Amino acid sequence: MTQTASDTAPAGAPSGTPLLQLEGIRKRFGAVEVLRGVDLTLRSGQVTALVGDNGAGKSTLIKAVAGIYTIDDGRMLWEGRHVTVHNPKDAAALGIEVVYQDLALADNLDVVQNMFLGRERRRGLLLDEDSMEKSAGETLASLQVTTVRSVRQPVASLSGGQRQSVAVAKAVMWNSKLVILDEPTAALGVSQTRQVLDLVKRLGERGLAVLIVSHNLNDVFEVADRIAVLRLGEMVADVARGDVDSQSVVELMTTGRSDRLTADGPAPTSSAASREDA
Amino acid sequence: MADTEQTTQTSPGAEDEPAEIARLAALTATPVAVDSFADYARGWWTRVRSGDTGSLPVVIGLIILSIIFQSQNHHFLTARNLTNLIPQGAEYMLLALGIIFVLLLGEIDLSVGFVGYLGGIIMAELLKGPHAHSWWIACLACIGVTTAIGIVQGLFITILGLPSFIVTLAGYLGWQGVALLILGNGGTVPIQNHVVNDFAGGELTPTAGWIVAIVGSLLFAGVTLFGAERRRRSGLAVPPRSLTLFKIGLVAAAAIVVTIICNRNRGAAIAVRGIPWVALIIVGALALWTFVLTKLRFGRYVYAVGGNAEAARRAGVNLVVVRTTVFGIAGLMAGVAGIVAASRLESVSTSSDGGTAVLYCIAAAVIGGTSLFGGRGKAMHALLGGLVIAAIYNGMGLLGLSSGTQYVVTALVLLAAVAVDAVARRGRANAGVV
């Protein structure tokens, strides 16, 4: 099985080249420097949560990775190779898929049509509906999305969690290696959130690298293997989940440092504290 | 706590996973266990009650209209009158087939009536005088010009980002002006070309009519059965065979009934019988645009842009190309409708009314079930809605009611259609939230 338990992460660093390494990423919009030399490492089979206050640069960072913004400075290493991503197509070609907060689903199309939108399979000139329907069904089944009754029902008839599941399934269908989720649970109720968090865990178990942006620290602590904290365009922490508690994450988000976290590693007391808090 | 949960989850899951996935795959592949015709009918009824009414309201509306008109004037349901409905509704149906593409995008095209009118004039001018061109050159010129007009208006809308309402309102005024300039004061251009006049005025021989009806039905049956068989072989959920046969039977029955009605003698002094040519033009256009909307990637993109333009853009759909092409299609169908309208009158004159035509064709599309807000509609809606418009127009004429009354009744039917759609939409929204 792929490594998921947080305890193994700090002990022996996972072997092999990281999937994506960001080094010194900078991005400015006019006079405002939004990203000020951000480093981040994402590994296959790991769920990394990107947290930060509003304006910390989370959206800018994922848009830079997705090829929507070009970076001003810094390096992107994909499987150890230096790459430049100029547009979303480049990102998709590498295997990077983003599920935005608005999900980008067309309500009037059915599940299959949405999952294949823009990449329809054709036999000659005609749409190959049968093959698309089969693949969509298989992808949903492999993600254990069982609440969607029929892949031929319009997306308008789905619940929020189901829509999120369809959007995620759409992202993983294309041999993607890194799936970026922007606030996947923001608009969902309790049971719907559960569905989506389970799905996120499963993506990690399948060996995908997952980067999840979230405001909800409960969700973050539930699914993430690592937590990266962005503050005013700088990465102030990138730690294993077991090494922090939510209070120290909040401190990191707001002040950029936490007394419970030393510079070169987690203070042993912090994990103990987190257990007590929980 | 979360850690222990995870470890307990992963260890037993490891062995069961393949079997579990296979089971779930089987579940998802056959999402609804439908095995009988009755189940399907019940499923359909549930959908109707939850607001997904499809074409049901318009079919019911047609039946009610027929009953009212027949009770007032027993000529309404005669073979002669029913056959007249086809050329009477043809212009609106053909225009509506093009306008449906525009409505699917959530846009509007007010110009198609006068664009078609202008096309008809261009055709008539080319057929006029001692140096008349052949009919097909005239028709191609008409369709070429109207398609080009549609594309140019589409480019204004997509490239400059102007509202389609304004651009096509300018077209509504401008092309009407151009048409009047070509015709001159009170001008009428008669059309003497027999082929062109036969589009709306001619008919197939009864034997040819039967051949067309039978070949058409067989073609539909073949395509439907082949599609179902291929789905069955791919292991996908298939509707029960009885339902497929029922659909085929329905289409064949419609073809036979129309042929029988059209083949009855409807002439007074001289015998006139046979399916009007224009019926074939309508059915051909319907088949073509249904094919484009359901089988081609372009059609899928039209629905996607209408449903969520931003999602389509992010998926790599070229919005400019899709939108401009759609306005081109509206222009193309305007040209076809213009030819048929000119053919029906065997002339073009300054008294033609492209303004009513465009409003009637939008009304036809909406009455047929196409949404004005984009993303929902079918080519078939043009035919159903056009039939309703033609039935009102025809029935009111039979009852000798004034054109004032006709407008009022058409307005009420249009309002009723939109109201039914709005109520149904609310039903869908309620049913949609699980």
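For the range B:354-434, the share of alpha carbon pairs falling in successive 10 Å distance bins from zero is 18, 45, 25, 10, 2, 0 percent. What does DSSP give for the protein assembly as shown in terms of the percent of beta bridges that are antiparallel, rounded to the nearest 5? Percent antiparallel among DSSP bridges in the protein assembly as shown is about 65.
Taking 0.36 nm per residue of separation and subtracting the current Cα-Cα distance, fully stretching the chain between A:Arg122 and A:Arg194 would add 22.3 nm. Cβ-Cβ distance of A:Ser131 and B:Phe373, R₀ of 35 Å, FRET efficiency by 1/(1 + (r/R0)^6): the value works out to about 0.65.
Residues of the range B:367-399 falling in the label zone of B:Ala411, defined by backbone nitrogen less than 19 Å from a point 7 Å along Cα to beta-carbon, are B:367, B:389-390, B:392-394, B:396-397. Its residue count N sets the reference 2.2 N^0.38 Å, and the alpha-carbon radius of gyration of the range B:53-138 equals 1.55 times that reference. Roughly how many percent of the accessible protein surface of chain B is carbon and sulfur, given a 1.4 Å probe and a whole-percent answer? Accessible surface attributable to carbon and sulfur in chain B totals 69 percent.
Pairwise Cα distances in the range A:33-169 exceed 22 Å for 50 percent of all pairs. Available extension along the chain between A:Ser246 and A:Glu234 is 2.4 nm, counting 0.36 nm per residue and deducting the alpha carbon span. Relative to the longest principal axis of the Cα atoms of chain B, helix B:56-72 runs at roughly 40 degrees.
Whole-percent P(r), the range B:174-232, all Cα pairs, 5 Å bins from 0: 4, 13, 10, 11, 11, 10, 7, 8, 12, 7, 5, 2, 0. Diffusion coefficient of the protein assembly as shown by Stokes-Einstein, Kirkwood radius over Cα pairs, 37 °C, 0.692 mPa s: 113 µm²/s. Working from label points 7 Å from Cα in the Cα-to-Cβ sense, the A:Thr17 to A:Leu77 distance is 0.9 nm. Structural size metrics of the range A:187-253, computed from C-alpha coordinates, are Rg and Dmax of 12.5, 34 Å. From the residues B:Ile282, B:Val152, A:Val213, which one has its Cα farthest along the dipole of the protein assembly as shown in the positive direction, the dipole being from +1 and -1 charges on Cβ of Lys/Arg and Asp/Glu about the Cα centre? Toward the positive end, the furthest listed residue is B:Ile282.
Largest GNM mean-square fluctuation among B:Ala285, B:Ala315, B:Ala254, using chain B with Cα springs under 10 Å: B:Ala315. log10 I(q)/I(0), Debye, Cα-only chain A, no solvent, q = 0.08, 0.12 Å⁻¹? Values, matching the q order: -0.34, -0.76. Take the Cα radius of gyration of chain B and divide it by 2.2 N^0.38 Å, N being the number of residues; the result is 1.13.
Residues A:Arg123, B:Arg426, A:Arg163 ordered from highest to lowest accessible area at a 1.4 Å probe: B:Arg426, A:Arg123, A:Arg163. With N as its number of residues, the range B:109-212 has a Cα radius of gyration that, divided by 2.2 N^0.38 Å, comes to 1.31. Can you tell me the 0 to 90 degree angle between the C-alpha axis of helix B:297-307 and the longest principal axis of chain B, rounded to 10? It is inclined by approximately 80 degrees. At full extension, B:Ser234 and B:Phe37 could sit 68.8 nm farther apart than now, given 0.36 nm per residue minus the alpha carbon distance.
Stokes-Einstein diffusion of the range A:146-210 at 20 °C, 1.002 mPa s viscosity, Kirkwood radius from Cα pairs, rounded to a whole number: 174 µm²/s.
Expressed per residue, the C-alpha convex hull volume of the range B:37-186 stands at 227 Å³. The residues of chain A expose, per residue, 41 Å² of accessible area to a 1.4 Å probe.
Using a Gaussian network model of chain B with C-alpha springs under 10 Å, which one of B:Thr83, B:Thr350, B:Thr46 is most mobile by mean-square fluctuation? In the Gaussian network model the winner is B:Thr46. For the range B:182-321, the equivalent ellipsoid derived from the alpha-carbon gyration tensor has semi-axes of 37, 29, 10 Å in decreasing order. Determine, from the Cβ-Cβ distance of A:Arg149 and B:Ala271 and an R0 of 45 Å, the FRET efficiency 1/(1 + (r/R0)^6), rounded to the nearest 0.05. Taking R0 as 45 Å, the efficiency between A:Arg149 and B:Ala271 is 0.20. From its DSSP helices (H runs of at least four residues, each -39,500 (n - 2.57)), the protein assembly as shown gives a residue-normalised ellipticity at 222 nm of -19500 deg cm²/dmol. With the simple model of a label 7 Å out from the Cα in the direction of the Cβ, B:His131 to B:Val48 spans 6.1 nm. Expressed as an acute angle from 0 to 90° and rounded to the nearest 10, what is the orientation of the C-alpha long axis of helix B:37-49 relative to the principal long axis of chain B? Its long axis makes an angle of about 70 degrees.
The values are calculated or read from the model by the stated rules, or taken from the named source; none is laboratory data. Remember, predicted model here, so these are calculated numbers, not experimental data. Cβ sites come from the backbone with ideal geometry, for glycine too, and all protein chains shown count toward neighbours. Protein only, heavy atoms only, side chains kept; ligands, DNA and RNA dropped before computing areas. Shrake-Rupley method; radii C 1.70, N 1.55, O 1.52, S 1.80 Å.
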